[in-house]
Amino acid sequence: MKKIAVFTSGGDSPGMNACIRSVVRSAISLDLEVFGIKYGYDGMIRGEIKKMESQSVSNIVQTGGTILKSARSEEFRTKEGRKKAYENLKKHGIEGIVAIGGDGTFTGANLFYDEFGIPVVGAPGTIDNDLYGSDYTIGFDTAVNTALDAIDKIRDTAASHDRVFFVEVMGRHSGYIAIQSGIGGGAEMVMVPETSTTIDDVISKLREGRDNKKGSSIIVVAEGDAQGSAHEIAARVKIHTPNMDIKVTNLGHIQRGGAPTAFDRILASRLGLAAVEGLINGQKGVMVGVIDNKITYTNLKLSISKSKPLNQELVRLTKILSI
Ligand code: F6P
């Protein structure tokens, strides 16, 4: 293998830049030519492919976002779109690709590998931490710390006013950000898609808190919770708790930005090198990850089809500590 390409796709996550830097510099160190594809699959279809040098990735290890930009591509969902993308890779003599992204990115990568046989190694870049085959994904740790910082601030004002706050964090199908920021932020309750919490459960918990002389309470809600958004849940709870002062904060996209934590920079750098070495050593159609702090390669089909269960120890911990 002589030439490889790297791209980022789907929702960005802090640490993607550190991963791009690692892929580019690892490839150059290992005598490969490396190309950057802008705007993910969309850019592959449009031919936005440029050779990268070691200095193309200077001063980015500490920055959020992605210098290669990102997009969610509709055209790549079609066979014609994928064919155009493949022709563009062929034009540049690219023999292997590193795809940095989440489950949508890997669904596309897996199809592409099946149809054209081009070696693909995925590097898990998503704040959701929802990919089977890696204990952690790039950006998750930063997102948790961002959410935690916000929860700490909300706690100050909640305590001053004896209020109940519902704080919505990201996680379409996954409660990882919610559970970790909830434990770190001392939440009274965490609502996640993986476990069912009813409105009655919430009301009982809040009343129990008041009986135990709690002045304020924080409930962290993952955006994918079955009961709906934090606003919807709060509105339903309010009907039954007229004496409680209830507020809602949706943290939204601030969780996707900012300087990556040391953990994310190091994880991203390790995964970038392992992705390049994987391609050189004949890995294809896989996602690189870390399990028990060791580099692993998991079939892409498994990484997108198997769900990663929420750590039950953390779920139990939240309940025990919230009395
Ligand atoms: O998959 C990462 C993620 O941040 C989810 O947590 C969230 O639901 C989604 O992306 C938001 O996507 P967009 O930026 O396209 O609205």
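Among residues of the range 111-127 being in contact with a strand residue (DSSP E or B) (Cβ under 8 Å, 6 or more places away or on another chain) and assigned to a helix (DSSP H, G or I), the one that is farthest from the ligand (Cβ to nearest atom) is TYR113.
Within the range 221-267, being within 12 Å of the ligand (Cβ to nearest atom), open to solvent by 70 Å² or more (accessible area, probe 1.4 Å) and in a loop (DSSP other than H, G, I, E, B) holds for one residue alone: GLU223. Summed over the range 271-295, the residues that are open to solvent by less than 50 Å² (accessible area, probe 1.4 Å) and among the aliphatic types (A, V, I, L, M) give a count of 9.
If you check THR137, THR146, THR126, THR107, which single one turns out to be among the hydroxyl-bearing types (Ser, Thr, Tyr) and open to solvent by less than 10 Å² (accessible area, probe 1.4 Å)? Please lay out each step first, then the result.
Details: THR146 fails: open to solvent by less than 10 Å² (accessible area, probe 1.4 Å); THR126 fails: open to solvent by less than 10 Å² (accessible area, probe 1.4 Å); THR107 fails: open to solvent by less than 10 Å² (accessible area, probe 1.4 Å).
After ruling out the rest, the residue left standing is THR137.
Here SER181 passes the criteria (1) open to solvent by 20 Å² or more (accessible area, probe 1.4 Å); (2) in contact with a helix residue (DSSP H, G or I) (Cβ under 7 Å, 6 or more places away or on another chain); (3) of a type in the set (S, T, N, Q); (4) farther than 30 Å from PHE76 by Cβ except the one numbered (1).
So in the range 152-175, with the set limited to residues that are of a type in the set (Ser, Thr, Tyr) and open to solvent by 20 Å² or more (accessible area, probe 1.4 Å), which one is farthest from ASP128 (Cα to Cα)? The qualifying residue farthest from ASP128 (Cα to Cα) is SER160. (1) within 15 Å of the ligand (Cβ to nearest atom); (2) touching an Asp or Glu at 6+ places or on another chain (Cβ under 8 Å); (3) part of a helix (DSSP H, G or I): which one isn't true of GLN180, the others all being true? Here GLN180 meets the rest and fails (2). The residues of the range 128-155 that are under 20 Å from the mean Cα position of the chain (by Cα), of a type in the set (A, V, I, L, M, F, W, C), assigned to a helix (DSSP H, G or I) and over 14 Å from MET16 (Cα atoms), listed by number, are VAL144, ALA147, LEU148, ALA150, ILE151.
Suppose the filter is at pLDDT 95 or above, open to solvent by less than 40 Å² (accessible area, probe 1.4 Å) and closer than 26 Å to PRO14 by Cα; does ILE94 pass it? So ILE94 fails the test.
Might you let me know whether the range 79-101 holds any residue that is assigned to a loop (DSSP other than H, G, I, E, B) and farther than 19 Å from VAL276 by Cβ? Spell out the reasoning first.
First pass over the range 79-101, keeping only residues assigned to a loop (DSSP other than H, G, I, E, B): 92-95.
Then keep just the ones that are farther than 19 Å from VAL276 by Cβ; that gives none.
Within the range 79-101 (the criterion being assigned to a loop (DSSP other than H, G, I, E, B) and farther than 19 Å from VAL276 by Cβ), the answer is no, since none of the residues qualifies.
Return a yes/no flag: does the range 191-202 have any residue that is part of a loop (DSSP other than H, G, I, E, B) and open to solvent by less than 20 Å² (accessible area, probe 1.4 Å). Yes: the range 191-202 contains one or more residues that are part of a loop (DSSP other than H, G, I, E, B) and open to solvent by less than 20 Å² (accessible area, probe 1.4 Å). Taking residues in the range 13-24 that are open to solvent by 10 Å² or more (accessible area, probe 1.4 Å), and partners anywhere that are not small (Gly, Ala, Ser), the pairs with Cβ atoms closer than 7 Å and at least 6 places apart or on different chains are ARG21/VAL57; ARG21/ILE60; ARG21/VAL61; SER22/LEU273. Checked against the criterion of being in a helix (DSSP H, G or I) and away from the ligand (no atom under 16 Å from the Cβ), the range 58-73 contains not a single residue that satisfies it. Does THR298 satisfy the criteria of being buried (at least 19 other Cβ atoms within 10 Å of the Cβ) and farther than 30 Å from GLU115 by Cβ? So THR298 does not fit the description; no.
The values are calculated or read from the model by the stated rules, or taken from the named source; none is laboratory data. Small disclaimer: the values here were computed from a predicted structure and weren't measured. We place every Cβ from the backbone using ideal geometry, glycine too, and count neighbours over all the protein chains shown. Note: areas computed on protein heavy atoms with side chains; ligands, DNA, RNA excluded. Shrake-Rupley method; radii C 1.70, N 1.55, O 1.52, S 1.80 Å.
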